[in-house]
Ligand code: FEO
């Protein structure tokens, strides 16, 4: 039976998953499986983007037939010829006799090498910038050589602002019912696999990935459809910035990855002691036994960390086999711009250190620490000092390391209250909604928190200037919609910068979602809704503190909750430079400008109702 997923009205995922594959491309372990994505565009003309691996051939053919709904298949766009995306080409040519292959010249050559392709009259060759109109949609083809093979191209559909990105922006892992990255906790559950996919599949080709990113920057992209992993429709900027970082070979995190190969545990012992010394200095460490951890994981971790330590025994007068494979793999993947230290071991003729240095010396911007440690079978007391010295030399290359607690001088704290200290609280942001008779209203708050677990009880603090506060005082009920990171700024304008006394904040919002208490909530831009029934309240001058029992709570999405800091860094538009210098204050929350030398007593922002503590001098 077919298994397909709708992406837009016109676009359907017709790919399939493989969870039985042990080694992708025969070399990369895929414990979470892998997806082979293919997409069918159902326009006046029908277009299929790539095919799948032979392992999932059968389901794929069923999927295409279902998505076509009886129509013929007009075009197969071959963006990437690697067999995990191309094994069904011959079968499709036979099944859909009118189907035309759309590809570039290089693809055609590879296709003829891999398969018995006849009927060149059914091939439409395209090159950089060529377009294909299918009715409502016009597809533009952009070449992306070496991301991951030389023939790779990507396709941009301006009608839906969709980029079909071939291998770029993919991820290991089968799709477990979800098709969009925002349906899962990507940062927690998939980012490591996305990094491992990037480094192992296209890590070698940083310059070529940067060229593709430059092309992508010129496009208005709302959706990315890769050949493996999830479709992206939210937080695309985060994904692009990860690719920009990885393709530049800049370390993602500051810390030391220690990879060791140890036959009898003595090399491991030295590596462990070094890790302890580094941790004592406040340096983050991760450790891998390269005889156990697959090389693709260690390569990915090497791309992640700023410093690399390799500890290897000598074997057959060379580097130990698993370490030798790792070092070759790292060099093949173009690792660069790292600080490297080496520990070698050898019972009679240690050579591994010099050989590791020689091999990695071929890579760009590798900074070797000069004190390679050479062990003779095992670490002895006399050499402990060398380990400490290596830790010190590594630490000296880390800027701004905290001093150990025992020697840190505690500066005398100032007596006064620094108003900026309040911004160090890790607040979230919420839309608080209430209902009084037929009147719905809501406002933005940043002060909602769980009080107790049994019973489930929460607190909210609301500015008395907000109409929602009056409504809760009167009705004793409310909803808290916990905003997620994809919340657009207009939600803050809608609920934060106008008063419910003057306007209907829900007018034209296009939804009427209500929880069991009849109060509205935000079905979009929020990841969770909690309903509260007030059991106590306290008046604290400008604000009312409400204590409430939770009467209902439900999750809307797996997206991370937005924090106050995230709002300032990613959502709130950056203030425009003033055309002329004005004397006054600007509200940090909404950008309102109060002109004048001082802030009057009792002043609150007319837009967002925040007080003088949230204003800063222009
Ligand atoms: Fe998934 Fe380069 O192929």
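All of the numbers you see were taken from the coordinates with simple rules; none came from a lab. It should be emphasised that the depicted structure is a prediction, and the values quoted were computed from it without experimental measurement. Here Cβ is always computed from backbone atoms with ideal geometry, including for glycine, and neighbour counts include all displayed protein chains.
Couple of notes before you dig in:
- Selection over the range 7-17 of residues that are under 16 Å from residue 164 (Cβ atoms) and not in a loop (DSSP other than H, G, I, E, B) gives a count of 3.
- Members of the range 244-273 that are surrounded by 20 or more Cβ atoms within 10 Å (Cβ to Cβ) and within 32 Å of the chain's Cα centre (by Cα): 246, 247, 256, 257, 258, 259, 260, 261, 271
- Selection status of residue 137, closer than 25 Å to residue 93 by Cβ, over 21 Å from the mean Cα position of the chain (by Cα) and in contact (Cβ under 8 Å) with a residue 60 or more places away in the chain: yes
- Selection of the range 347-376 for residues being within 24 Å of residue 278 (Cβ to Cβ), in a loop (DSSP other than H, G, I, E, B) and over 37 Å from the mean Cα position of the chain (by Cα) yields 350, 371.
- Matching option when the condition is touching a strand residue (DSSP E or B) at 6+ places or on another chain (Cβ under 9 Å) and either surrounded by fewer than 20 Cβ atoms within 10 Å (Cβ to Cβ) or more than 21 Å from residue 180 (Cα to Cα) (or both), among 73, 48, 11: 73
- The range 95-134: number of residues that are surrounded by fewer than 16 Cβ atoms within 10 Å (Cβ to Cβ), more than 32 Å from the chain's Cα centre (by Cα) and not in a helix (DSSP H, G or I): 9
- Selection of the range 18-50 for residues being touching a helix residue (DSSP H, G or I) at 6+ places or on another chain (Cβ under 6 Å) and part of a loop (DSSP other than H, G, I, E, B) yields only 50.
- Members of the range 149-181 found to be under 22 Å from residue 15 (Cα atoms), out of contact with any strand residue (DSSP E or B) (no Cβ under 8 Å at 6 or more places or on another chain) and either within 16 Å of the ligand (Cβ to nearest atom) or not in a loop (DSSP other than H, G, I, E, B) (or both), listed by number: 149
- Being over 19 Å from residue 371 (Cβ atoms) and assigned to a loop (DSSP other than H, G, I, E, B) is a description that applies to residue 292.
- The lone exception for residue 189 - which of (1) away from the ligand (no atom under 16 Å from the Cβ); (2) touching a strand residue (DSSP E or B) at 6+ places or on another chain (Cβ under 8 Å) it fails: (2)
- Residues satisfying the stated conditions in the range 225-247, i.e. more than 15 Å from the ligand (Cβ to nearest atom) and closer than 15 Å to residue 155 by Cβ: 231
- Within the range 328-347, residues that are on the phi > 0 side of the Ramachandran plot reach partners that are surrounded by fewer than 17 Cβ atoms within 10 Å (Cβ to Cβ) and not in a strand (DSSP E or B) with beta carbons closer than 6 Å, at six or more positions or on different chains, in the pairs 337/365.
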